[in-house]
Amino acid sequence: MKRWIPFLKSEPTVAVVRLSGVIGPQSRSALNDATLAPVLEKAFGKGKPVAVALEINSPGGSPVQSSLIGAQIRRLAAEKNIPVIAFVEDVAASGGYWLAAAADEIYADPSSVVGSIGVISASFGAHEFIKDHGVERRVHTAGKSKSMLDPFRPEQPEDVARLKALLEDIHENFIGHVKARRDGKLTDAQDLFTGEIWLAKRATELGLIDGIGHLQPLLKERFGEKVKLRRYGAKKGLLSRFGVQLVHDAVHGIEERAAFARFGL
């Protein structure tokens, strides 16, 4: 009944959005803009929250999806004039840190892994294998760069040069995002953009995060003991819940496990 009495002040509400997993466009199991856009719209738009909290546990993934999600967070925060606070769980690395940097403040557990501000491309070369097994690779293209970095052909120096140029450009975008979002907080004493990772205490000293803290205690300290948490997250599709995408999701699970394993998790 209290909410219907106009002269009684209601308790403040914080919308909590969970961002957990690898960032990528290929699956509903991954974090991506298409899946998260309606979730973020609800979190920022429903019930006039005093803040939006992001629970982040991600080793990264697609730089494009990281940028799209981060831009969505900033757009809604500006439109609604709502502060955003990120809370790191096990890891906010690479694209995961891109998402964290979209917040106005970042807090983490003492053992959280933070950073990895870099870009990586990895593949395999199988040309010797197919040669040894008598397999002939036939590729026909219009455009000399169309078969760039074909894993079934020997690596070409000019292809590697093109790839490195692309990676450098993406890296510059990442660096620009971090510098813009952490303006005035980052240390000048150390190069923060080598892809290195740090635990929370050192990350705080470097200005990558604002301090050590957990979601509920910090929000209660900030907004009062009676603050209400309203949680939002992406839901699995009906077909996925009935197992139609079981194999695809299993493969994604293996890839996600490998991505977390890079940080000892």
Item to check | Looking only at region 84-110, and only at residues there that are in contact with a helix residue (DSSP H, G or I) (Cβ under 7 Å, 6 or more places away or on another chain) and of a type outside the set (A, V, I, L, M), the one that is nearest to Val22 (Cα to Cα) | outcome: Gly95
Checklist entry - Does at least one position in region 14-22 carry a residue that is among the small types (Gly, Ala, Ser), crowded, with 17+ Cβ neighbours inside 10 Å and touching a residue at least 12 places away in the same chain (Cβ under 8 Å)? => result yes
Checklist entry - In region 146-203, what residues are over 16 Å from Ser67 (Cα atoms) and in contact (Cβ under 8 Å) with a residue 60 or more places away in the chain? => result Leu192, Phe193, Thr194, Gly195, Glu196, Ile197, Trp198, Leu199, Ala200, Lys201, Ala203
Next on the checklist: Looking at region 120-129, can you tell me whether even one residue there is charged (D, E, K, R), farther than 14 Å from Ala200 by Cβ, within 17 Å of the chain's Cα centre (by Cα) and open to solvent by 20 Å² or more (accessible area, probe 1.4 Å)?
Outcome noted: no
Checklist entry - more than 14 Å from the chain's Cα centre (by Cα) and either at pLDDT below 95 or crowded, with 22+ Cβ neighbours inside 10 Å (or both) - does that describe any residue in region 89-107? => result yes
Next on the checklist: Quick check on region 187-200: of everything there that is touching a helix residue (DSSP H, G or I) at 6+ places or on another chain (Cβ under 7 Å) and part of a loop (DSSP other than H, G, I, E, B), which residue is most open to solvent (accessible area, probe 1.4 Å)?
Outcome noted: Gln190
Next on the checklist: Quick check on Ser27: is it among the polar types (S, T, N, Q), open to solvent by less than 20 Å² (accessible area, probe 1.4 Å) and modelled with pLDDT under 95?
Outcome noted: yes
Checklist outcome for this item: Subset of region 146-164, residues open to solvent by 50 Å² or more (accessible area, probe 1.4 Å) and either part of a helix (DSSP H, G or I) or touching a helix residue (DSSP H, G or I) at 6+ places or on another chain (Cβ under 8 Å) (or both), comes to Met148, Leu149, Pro151, Phe152, Arg153, Pro154, Pro157, Glu158, Ala161, Arg162, Lys164
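The values are calculated or read from the model by the stated rules, or taken from the named source; none is laboratory data. Quick caveat: nothing in here was measured; it's all calculated off a predicted structure. Positions of Cβ are generated from backbone atoms using ideal geometry, with glycine treated the same way; all protein chains shown enter the neighbour counts. All accessible areas refer to the heavy atoms of the entire protein, side chains included, with ligands and DNA or RNA removed. Shrake-Rupley method; radii C 1.70, N 1.55, O 1.52, S 1.80 Å.
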